[in-house]
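The values are calculated or read from the model by the stated rules, or taken from the named source; none is laboratory data. Keep in mind it's a predicted model, so treat the numbers as computed, not measured. Backbone-built Cβ (ideal geometry, glycine too); neighbour counts: all protein chains shown. Just the protein is used for accessible areas: all its heavy atoms, side chains included, with ligands, DNA and RNA removed. Shrake-Rupley method; radii C 1.70, N 1.55, O 1.52, S 1.80 Å.
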Amino acid sequence: MTADRHGIFYGVDRWAVLLYVLIVIAGWVSITAASYDEESVNLFSFSHFYMKQLMWIGIAWVTALVVLLLDEHFYHKFAYPAYFAGLALLVAALLFGREVNGAKAWFEFGSVRVQPVEFAKIATALALARVMSGYSFSINRAGDLAKVAMVICIPLLIIVLQNDTGSGIVLGSFLFVLYREGLNKWLCIPVLLIAALFIVSFLLSPMTLLVTVILVCVLSEAMMNGHWRSRIIFLAAVALASILLCAAAALIAPGRLDLYHSLLIVSLLSIVGISVYAYRANLRNIYILVCFFVGAMIFLPTTDYIFNSILKEHQQNRIKSYLGLLDDPRNLDYNVNQSKIAIGSGGFLGKGFLQGTQIKYGFVPERHTDFIFCTVGEEWGFLGAATILTLICLLILRLMRMGERQQEPFGRIYCYCVAAILLFHVLVNVGMTIGLMPVMGIPLPFMSYGGSSLIAFTILLFIAIRLDAATRQFSPDRF
């Protein structure tokens, strides 16, 4: 029997839909376990989280059908209007929204709360795909790259002003998309180095950090050059001269310049000699490392300002706790400690449905939202947690495959945007429940309780499925 090419489901990636349904059902079962009350008289009352989530699942699935019914060109045509509408909602939430857990990022309509940032992610992904799919767009052209940065940074800035930094950082996952589209790796690496420097600056003294940066530059230059032995000898001579000059400065002006500032001054002055040598020897790699060193020296003094003036107190404490600089097991570290206890107590096969003691007796806060993975770990054990992560990873890989078979760059870029967002959410959410990431308040896709999150992720996913279905309708051989 020949499939109906005009039907709503023709060309739809059934594996992606099946994975989505399985993850959503697993999420609902976990929410039921996390919020079930044995003493409740009416188990089917909508006062229970699992009944509310069941309603949101029904709305999400109807929304998915609507997304599939719309023409694929609709998403390309209305990408920019959707983006500006998303910005308007973010600004409105900042000005008139309700503050929840320190973030002024919610609208409240009676008992229903809506978080605009979840839908702003969809709009940003569509706008990014629209910009980057332009006919004359080049990812390595400064003007085009500035457009991309503007599309990402404007909503990011508004989200940070809402004090919802965790959700804003999600937009940083689009760096993966830019790299896939051909962004020069030397433009990607500085972003990662900035994050690393920001974290390391809290763990090392200024002197140790300066020496570390110098050693990284020396070893990197040696590794990038074929004549690494001669290069190491040259750079070692420069380093020795720097140390001798620092010692001389300390003897000439005792009390005025300490060892750190002496080494910093000498290092910056030696850059002139290194640059002249690189120019004569036509060594471009050294210029890259010089830029990194100067940039690091400019950025490091600003970390204190960023930490003390931009981040809120609870965000500062989370970073300190994550880095081991602050120990507060009864308050700040309570959530993470109880989360690890719950997951660890599940063992390999878990305690069974509704048998999780840490979850049942309320030891884990937010066990039905941000810490829903604890419920999975305690009741279904390592095997259940691994199964859930496998399903999510398969869905992300499916999205990447959908992106690769797109004939138009708009669909490819959007599919990779969705994959990047899901991957970032999973890494952060699961990472914070087992203590590998700081607590950011990011939900686990399709599993955490919440209508805004579930509907937004459903729309995000099914737009990609709709774009992929259009490609497969016109190219049946690409199934």
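At a glance:
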{"quantity": "Rg/Rh (Cα only; Kirkwood hydrodynamic radius) as it applies to region 406-479", "calculated": "1.10"}
{"quantity": "Accessible surface, 1.4 Å probe, highest first, among residues Glu378, Glu99, Glu72, Glu39", "calculated": "Glu39, Glu99, Glu72, Glu378"}
{"quantity": "With 10 Å bins from 0: P(r) over region 1-147, alpha-carbon pairs, percent", "calculated": "9, 23, 31, 25, 10, 2, 0"}
{"quantity": "Length released on extending from Arg141 to Phe382, taking residue separation times 0.36 nm less the Cα-Cα span", "calculated": "82.1 nm"}
{"quantity": "Estimated distance in nm for a label pair at Phe299 and Leu161, the labels positioned 7 Å out from Cα along Cα-to-Cβ", "calculated": "2.5 nm"}
{"quantity": "Whichever lysines have a C-alpha closer than 25 Å to that of Lys360, once near sequence neighbours (fewer than 8 apart) are set aside", "calculated": "Lys52, Lys340, Lys351"}
{"quantity": "Efficiency of FRET from Cβ geometry, Trp15 and Met437, R₀ 35 Å, rounded to 0.05", "calculated": "0.75"}
{"quantity": "Amide N of region 143-167 lying under 20 Å from the label point, which is placed 7 angstrom from the Cα of Phe307 along Cα→Cβ", "calculated": "165-166"}
{"quantity": "Largest-first principal axis extents of the Cα set of region 129-194 (Å)", "calculated": "36, 26, 17"}
{"quantity": "Lys/Arg +1, Asp/Glu -1 at C-beta; region 330-479 dipole; positive extreme among Gly350, Ala469, Leu399", "calculated": "Ala469"}
{"quantity": "For Asp370, solvent-accessible area (1.4 Å; no DNA, RNA or ligand), Å²", "calculated": "40 Å²"}
{"quantity": "Computed accessible area, Leu436, all protein chains, 1.4 angstrom probe, square angstrom", "calculated": "110 Å²"}
{"quantity": "Of Phe119, Trp56, Ala88, farthest towards positive along the dipole that unit charges on Lys, Arg, Asp, Glu beta carbons give region 3-139", "calculated": "Ala88"}
{"quantity": "R0 of 35 Å, Cβ-Cβ distance Phe74-Arg113: FRET efficiency to nearest 0.05", "calculated": "0.80"}
